[in-house]
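Below is one structure, written out as C-alpha cells; comments come after it.
The values are calculated or read from the model by the stated rules, or taken from the named source; none is laboratory data. All values reported here derive from a predicted model rather than from experimental measurement. For accessibility, only protein heavy atoms count, side chains too; no ligands or nucleic acids. Shrake-Rupley method; radii C 1.70, N 1.55, O 1.52, S 1.80 Å.
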Amino acid sequence: MNEILNLIDSISSSGLQWILTLFSIVISVGLFLYTNAETNKINKQFDERELEIKRCYEHIEHQQAANKKEAAQLKHEREQLNIEIKKLADEKAQWTIDTEIGEEY
C-alpha cells in the first residue's frame, strides 16, 4: 500500500512540475511577445519623432537660405541707395558751387 501511495505521489509531483514548467514557458513566451510589441511601438514613435526633427531641420535650413538671399538683396538695395545718396550729394554740391558762382557775377 505504501508503494502505491509513493507511486501516486511521484506521478502527482512530476505532473505538477510538468504543469509548472509549461506555465513558466507560456508566461516567458507571452512576456517576450509583449516586450517585443512594446519595443516595436517605442521604435516606431522614435522613428516618427526623428522624422519630425529632420523635417524641422530642413525647414530651418530652408528659412536660413531664404534669409541669406533676402539679406543679400537688402544689402544690394542699400548699396544702390548709398550710390543714389552720393549722386544727390554731388549734385547738391555742384548746384551750390554753381549758385555761388552765379551770385559773384
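The heavy atoms of SER14 present about 60 square angstrom of accessible area, all protein chains included, probe 1.4 Å.
Note on the range 16-105: Kirkwood hydrodynamic radius from all Cα pairs is 20.9 Å, rounded to one decimal.
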